[in-house]
Amino acid sequence: MLDFVQQLVSGIALGCVYGLIALGFVLVYKATEVVNFAQGDLMMLGGFFAFTFIGMMGLNYWVGFAGAVAAMALFGMLAERIVVRPILGYPQFSIIMATIGLGYFLRSVAGMIWGTDDFKIETPFSQGVLRIGSLVLAHDKLSVIAATIILCTLLWLFFNKTTLGTAMRASSENMLAAYYMGIPVKRVVSIVWAISAAVATCAGVLLAPITFIHSNVGLVLGLKAFPAAVLGGFGSIPGAVVGGVLIGVIESMAGFYLPEGWKDVAPYVVLLAVLLLKPEGLFGLHARKKV
Amino acid sequence: MRFLFKTDYEDDIRLFPHSGYVVSYGLLLAVLLIAPYVLSSYLMSQLVFVCIYATVGVALLILTGFTGQASLGHAAFLAIGAYTAAYLQKYNVPFPVYFLAAGVLTGCIGALVGFPALRLQGIYLVIATISFAFIVEEILARWESVTNGNEGMRVKALTLLGVTVSRDSPTFYFVCLAVLVLTIVGTLNLLRSPTGRAFVAIRDSETAARSMGVNVALYKVKSFAISAAITGFAGVLFAHKLSFISPEMFTLQLSIEFIIVILIGGTFSLHGAVLGAIFIVMIDPFLTYLKDDMPGIIAGIAATFGAGTAAAENIQSKAAAFASLNGLKGAIYGIIIVLFVLFEPLGLYGRWLKIKLFFQLFPLYKRSTFKRQKIYVKSERNR
């Protein structure tokens, strides 16, 4: 029983990381219907920025964190301006390819700049543990869970309660109509990319004590965050987090209870099963076809 | 420029629209048949890979380019073909039998993947095919009694009509070329048949296709099966060419390379698959060239423009250091993909068509002929 709870909590913590990355997918998808395959790599880059600020320049953790988030927000805008804006409004497939290309580029360049070793960021949470009875919970995992809940709530409020959030949802429904209604669609898209890069950075920094930062971490975790986003129904913020937690728990349970090899596959098996039964994901909107 | 006046339906679906095609493709084929006796063994080997990649490219083109079903899981189909060949070869099954068996098996699995894919669209389909590829990769690594697990399998040289064909011999190249040519001719025939036109109709508008009486589900599954079967055939050749296969060869990276093949070649014509395959296979030799020869050339240019010997050597060493950077290949891949999507969405074949049209219409060429229409689609959720 204790094992089970321990696995459950570490699964939830891992799942929250997937959920944080999936949040980035969902944000961009919600606002522009673009699927950003480079999201994981933005996370990796954010982690490296934070490492540069905190580990190499010796800044305070929180200052470095904020600096990395700000820098990545700018970088997200830049990436949107260069790669995505010229092809906005073209078929989805070309945008997927462009972001795959962007991901390749970021991965390789990060490898060139920071090398291919593993890096670690010292965080205020890396040492402590919380003991409840004989249950041991590491602070870094709890910090990920807490941060996910906070970020998710903030983003949900942002999308549903603010004007800018409404503008984003409108431009996703029908880009041209939103433009005619006076919504500055281009600026909205670029803000969305900034926010999603900032969220990715948070994921990268929180993750640093758990999985370390290296140039391929974005690819590895990004591919796990995809099922999370799809499971929750692309385009649903609570869905992304629930999907992420599900994937994390499934993975950690499968690693513990099932024979070796299931750990990596179980999330995808579950994903295929869910897609068979509910093609629009667990929280997705039911699609209606129009001619 | 030759004007084609089509007066009946037969003219429209002819395999070779006019004799010029026969002459030019005949010449190309002749050149390709002479190639092994002229080229160095390294380039020969690259040419074999071009054939294999182009075959997969054609397969993917049927699925993605003509039926509009994106797939990032084709490495898995290639793996299934390769492993079937390697497994059956252990029991001394003759080449033609296991070649066909690999195609049939992969085709059946492709159809099985096609069924769940019926309900999925766009990004969901991409994720589902990626998931399928991961599952296959893991099965290959774990099913040790058949696949030998992570240690991989040796593949012996293929035996054709009692003669052993080594993987570097011209005969092996001819086998690959034959498979490629048969695939292309077969696909051309497929595309002008009712099946092919149904595929294109589904790509252009599923709803319209359905209202015209096309059985969308049937044709989507068919498209998956055909595409997978051709990839399976290519997998057999791939296994023989490498002579050793292991699960980590068939990763997502390979699937992405196949997508790049059709993206860079151009997703609307079979020429694109071949051009894209040439491109993707030749990028490695190009990078080697960049590493070995470019620094010297750059230094030479610097010297001719009046830089001193010391400065030229400095430039040379810097260029050499740049060219041997670790991630250069990935970065160049990334830049190339982005640039093609941004500036040449029709791919290499599209570029060739533009150049051809420019000379055909010489003073009257308009750039806007090929201008992309922005579609500003409404939300996919309601489409």
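Give the accessible surface of chain B per residue, rounded to a whole number of Å², with probe radius 1.4 Å and ligands, DNA and RNA excluded. Walk me through the intermediate numbers first.
Numbers: 18680 Å² over 383 residues.
Dividing the accessible area of chain B by its residue count gives 49 Å².
Comparing the protein assembly as shown with the 2.2 N^0.38 Å rule of thumb, its C-alpha radius of gyration ratio is 1.01 (two decimals). GNM on chain A, alpha-carbon springs under 10 angstrom: the most fluctuating residue among A:P267, A:P86, A:P209 is A:P86.
Using a probe of 1.4 angstrom, how much of the accessible area of the protein assembly as shown is carbon and sulfur, in percent? Provide the component values of the computation, followed by the final result.
On the way: 20540 of 30370 Å².
The computed percentage sits at 68.
Past 22 Å, Cα to Cα: identify those pairs from A:K120/B:K329; B:K291/B:K329; A:K161/A:K278, in the order given. Don't skip to the answer; put the middle values down first.
Values: A:K120/B:K329 27 Å; B:K291/B:K329 11 Å; A:K161/A:K278 29 Å.
Among A:K120/B:K329; B:K291/B:K329; A:K161/A:K278, the Cα-Cα distance tops 22 Å for A:K120/B:K329; A:K161/A:K278.
Put the Cα centre of the stretch B:54-125 next to the Cα centre of the stretch B:167-188 and the gap is 18 Å. Bridging of B:K156 to aspartates and glutamates at a Cα separation below 15 Å is possible for B:D168, once same-chain residues fewer than 8 apart are set aside.
How about B:K6: which lysines have a C-alpha closer than 28 Å to its C-alpha, ignoring those fewer than 8 places off in the same chain? Once the sequence-local lysines are set aside, what remains near B:K6 is B:K354, B:K356, B:K366, B:K371.
Helix-only mean residue ellipticity at 222 nm, the protein assembly as shown, DSSP H runs n ≥ 4 weighted -39,500 (n - 2.57), per residue, nearest 500. What is it?
Values: 28 runs with 472 residues, N = 674.
The helix-only estimate for the protein assembly as shown comes to -23500 deg cm²/dmol at 222 nm.
At a threshold of 30 Å², the residues of the stretch B:82-126 that become less accessible to a 1.4 Å probe in the full protein assembly than in their chain on its own are B:P116, B:R119, B:L120, B:I123, B:Y124.
Find the sum over both chains of the accessible area lost when A and B are paired, probe 1.4 Å, and report it in Å² to the nearest 100.
Working: alone 14110 and 21170 Å², together 30370 Å².
Buried area between the two chains comes out at roughly 4900 Å².
Of the chymotrypsin sites (Phe, Trp or Tyr not before Pro) found in the stretch B:1-95, the ones in coil according to DSSP and having at most 12 other Cβ atoms within 10 Å of their Cβ are B:F3, B:F5, B:Y91.
In loop segments of the stretch A:91-164 as defined by DSSP, the trypsin sites (Lys or Arg not before Pro) with at most 16 further C-beta atoms inside 10 Å of their C-beta are A:K120. Helices of chain A meeting both criteria, an alpha-carbon length of 27 angstrom or more along the long axis and an average Kyte-Doolittle score not below -1.0, with helices taken as full DSSP H segments, are A:2-32, A:92-114, A:139-161, A:185-211, A:237-257. For chain B, modelled as a GNM whose springs connect Cα atoms under 10 angstrom apart, the maximal fluctuation among B:A302, B:A70, B:A229 occurs at B:A302. When you filter the trypsin sites (Lys or Arg not before Pro) in the stretch A:194-291 for DSSP loop state and at most 11 other Cβ atoms inside 10 Å of their Cβ, you are left with A:R288, A:K289, A:K290.
Taking chain B as a Gaussian network, where each spring joins two C-alpha atoms under 10 Å apart, which residue of B:V179, B:V136, B:V146 fluctuates the most? Largest GNM mean-square fluctuation: B:V146. For B:F5 and B:F343, what is the calculated FRET efficiency with R₀ set at 41 Å and r taken between the beta-carbons, to the nearest 0.05? The value I calculate is 0.70.
The values are calculated or read from the model by the stated rules, or taken from the named source; none is laboratory data. If you're wondering where the values come from, they're calculated on a predicted model, not measured in any experiment. Positions of Cβ are backbone-derived with ideal geometry, glycine not excepted, and every protein chain shown enters the neighbour counts. Protein only, heavy atoms only, side chains kept; ligands, DNA and RNA dropped before computing areas. Shrake-Rupley method; radii C 1.70, N 1.55, O 1.52, S 1.80 Å.
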